[in-house]
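A short reminder: the numbers here are calculations on the coordinates, not readings from a lab. A quick note: this is a predicted structure, and the numbers were derived from the prediction, not measured. Counting neighbours? That spans all protein chains shown, and the Cβs are built from the backbone with ideal geometry, glycine included.
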Amino acid sequence: MQKGYILVALLLVGFASANFYEVAKEFTLNNFNSKSLSSWNLVNFKGDQVANCNGVSVVGGPSVVASGSMTKTFTTDFDLNGVNISFDLYFFDKWFSGWDGGRDQNTLFKIFVNNQQVYQLGSDYTRSLHADQPNLCGDATPDRQTHISLDVPATGRNITVQLVANIASNNPAVASWGIRNFYILSQQGYDDSQVVVSELNDDSNFDVSQWQTNFKGVITQCPSKLLGGYNAAGPKATAVRKLASLPAHSFLTVSLSAYFIDSIDANDSVVIYVDGKVAHEHQKAYYEDSTNVCGAAWNDGVDNELNIIVPHFASTAEIKIYVNTDQAPGDESFGFREFQVSVSSPCPILYTDVNQGGRQFSFCGNLPDLKAVGWTAPIKGIYLPKGVELTVYQDSNYNGKKYTVKKSNFNLSGNEYQLINKALNIDVTEQKLRRNK
């Protein structure tokens, strides 16, 4: 190895989690305007395209969009092997999915990825899940904020995301929708996050003693054993699992196999909360399935794998599952099994701009060879979690002059900029170096 080629030793406390690449991060500021939407293709958006709701900006919203869509193609630096799409979703005013003198299955919010529908959700402003919420903007009707965290298969270096709403009234003064805090993450490399809970997997040892529920019946079968299920978990049913003494971490992942049983409609869903905040809401209508598996004579949506990722730092956690249906559990019900919670330790983050700006790449273990995976943008900033230090050596085999960083946030300049980018196998020319001194 030639003199001057750097090796980097990264000393980590604890365990590592999967590397991730931030494909997109948009609409996260408290206040933004329509310029933030310049790269999106908008259909049926009116006026300023952005609403101010309770002091924060929301894409869409009252008087802006009812039936409409927003579409964008994202390009990455290397091949994808699946993505997680997450954002806050708002149902404003008199949003009504379900029955209205007949079944209205067209008032829905949908997500398409590469022209394939991967998600849909409805809402009913007359139900407590919506009616008990505050009024944020628009008319005097309460507004509902929820959150979507969706794992989607994806390959190649381009991904097209389309967010679509079809609203029967098609009048944004009557019912509308909006989003903010939009993220796309792609996992890269290994994942050795730590599993802290894994239960409800084995029918011969189906232990539900750690759960607090108001289900009519705790365990049913479909055909495997479920917590909840047919004639057990109906409207406003809840199941709560409390965790304590969690190891140090920055992300928490909740996984479960979800069963939507019998006549689940477009206005029904299950909501998963972490520490009192919505982490994900999911719906699977009976007309999307073709087989009756259990319960009454309706088709059932069984064995739906949900994986929800949330930032989390506390040593305790409370996971609550809320059943949002409107008919007796003999007609509409929800159950689940194969419940798992894992935690991921804090990992360093690389930024393409100073002050934690631009695109980011999170990694665990030694610094990655970014050129090998197609990343070419110079790194201008680094975040180091507590307990992590970075050491750069001038010579091979960890010899020669070294430079050690222990501070948590810093912008790269001068020798730091040159050495660390070389360690990442990023080509930094002298011209780029001068611009960053």
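At a Förster distance of 45 Å, what's the computed FRET efficiency of Lys242 paired with Asn355, Cβ-Cβ distance as r, to 0.05? That pair, Lys242 with Asn355, gives E of 0.75.
Taking R0 as 41 Å, what's the FRET efficiency between Ser198 and Val118 from their Cβ-Cβ distance, rounded to 0.05?
Computed FRET efficiency for Ser198 and Val118 comes out at 0.95.
Within the chain, the ratio Rg/Rh, alpha carbon atoms throughout and Rh by Kirkwood, equals 1.01. Return the long-range amide H neighbours of Asn171 (sequence gap of 5 or more, or a different chain), with a cut-off of under 5 Å between placed amide H atoms. Long-range HN contacts for Asn171: Ser67. In terms of packing, defined here as the mean over residues of other Cβ atoms within 10 angstrom, the peptides 351-358, 278-285 line up highest first as 278-285, 351-358.
You can think of it this way: the chain between Thr391 and Asn415 has 7.3 nm of extra reach, that is 0.36 nm per residue less the Cα-Cα gap. Once both labels are positioned 7 Å from their Cα atoms along Cα-to-Cβ, the gap between Thr316 and Lys277 label points is 1.8 nm. Computed from phi, the 3J(HN,Hα) profile of the stretch 148-156 under the Karplus parametrisation 6.51, -1.76, 1.60 (θ = phi - 60°) reads 10, 9, 10, 7, 10, x, 7, 9, x Hz, with x in place of Gly and Pro. Across the cross-link table entries Lys46/Lys94; Lys216/Lys320; Lys35/Lys72; Lys25/Lys94; Lys110/Lys236; Lys225/Lys320, which are compared at the Cα atoms, the separations over 26 Å belong to Lys25/Lys94.
Need the full-extension length gain, Asn171 to Ser34, defined as separation in residues times 0.36 nm minus the C-alpha distance. One decimal, nm.
Contour length minus the Cα-Cα distance gives 47.3 nm.
Taken along the Cα-to-beta-carbon direction at a fixed 7 Å, the label points for Gln210 and Asn181 span 2.6 nm.
Which residue fluctuates the most in the chain, going by a Gaussian network model with Cα springs under 10 Å, if the choices are Gly178, Gly381, Gly47? Looking only at Gly178, Gly381, Gly47, the largest GNM fluctuation is found for Gly47.
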